[in-house]
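A.B. asks: Here it is, the structure, as structure tokens.
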Amino acid sequence: MKNRISYFLFPLLSTICLLACKREPAITKVSGVVTEYGTGKPISNVEVFVLCNTSDPFGPQLPGNLVDTMFTDAQGRFYREYPEKDFCLAAYLAFYKPGYYVHNDVD
């Protein structure tokens, strides 16, 4: 009788333990510091665009879909968290602040 109870209790307790273990949701973090080229000083109020690349990673790189925008703080820092299920596999960032656009002339 004692062996029958142990054969029943072990799978029951194992199942309860496994069901009680919950996986923490995975989070994708996007962060960084925007600095001025040459001086290395942080730049505040830079608009940061988070873009999701939907094209083939081994093919031509096409413009991505805009996922989010944010601005840097006084120290040039930006930070955002996204649930993994809401984020794409390949993302890239673009930055913009009036007065910092560099125009290259082509002959």
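The values are calculated or read from the model by the stated rules, or taken from the named source; none is laboratory data. Everything numeric in this text was worked out from a predicted model, so none of it was measured. Here Cβ is always computed from backbone atoms with ideal geometry, including for glycine, and neighbour counts include all displayed protein chains.
A.B. asks: So which residues in the range 22-36 are outside any strand (DSSP E or B) and modelled with pLDDT of 85 or more?
C.D. replies: Let us first name the residues in the range 22-36 that are outside any strand (DSSP E or B), namely 22-26, 34, 36.
Matches in the range 22-36: Val34, Glu36.
A.B. asks: Quick one: in the range 37-53, of everything that is among the β-branched types (Val, Ile, Thr) and not in a loop (DSSP other than H, G, I, E, B), which residue is modelled with the highest pLDDT? Full working, then the answer.
C.D. replies: As a first pass, look at the range 37-53 and keep what is among the β-branched types (Val, Ile, Thr): 39, 43, 46, 48, 50.
This time we only want the ones that are not in a loop (DSSP other than H, G, I, E, B), so: 48, 50.
Working: Val48: 92, Val50: 87.
Among those that are among the β-branched types (Val, Ile, Thr) and not in a loop (DSSP other than H, G, I, E, B), it is Val48.
A.B. asks: Now a separate question. From (1) touching a Phe, Trp or Tyr at 6+ places or on another chain (Cβ under 6 Å); (2) modelled with pLDDT of 90 or more, pick out the condition that doesn't hold for Asp73.
C.D. replies: Here Asp73 meets the rest and fails (1).
A.B. asks: Here is a check on your reading of the model: is Ser14 small (Gly, Ala, Ser), at pLDDT below 70 and in a helix (DSSP H, G or I)? Reasoning before the result, please.
C.D. replies: Working: small (Gly, Ala, Ser): yes; at pLDDT below 70: yes; in a helix (DSSP H, G or I): yes.
Yes: the conditions hold for Ser14.
A.B. asks: Another question, if that's okay. Evaluate the range 54-70: report whether one residue or more is modelled with pLDDT of 80 or more and aromatic (Phe, Trp, Tyr). Steps first, answer last, please.
C.D. replies: Initially, the range 54-70 is screened for residues modelled with pLDDT of 80 or more, giving 65-70.
Checking which are aromatic (Phe, Trp, Tyr) leaves us with none.
No: zero hits.
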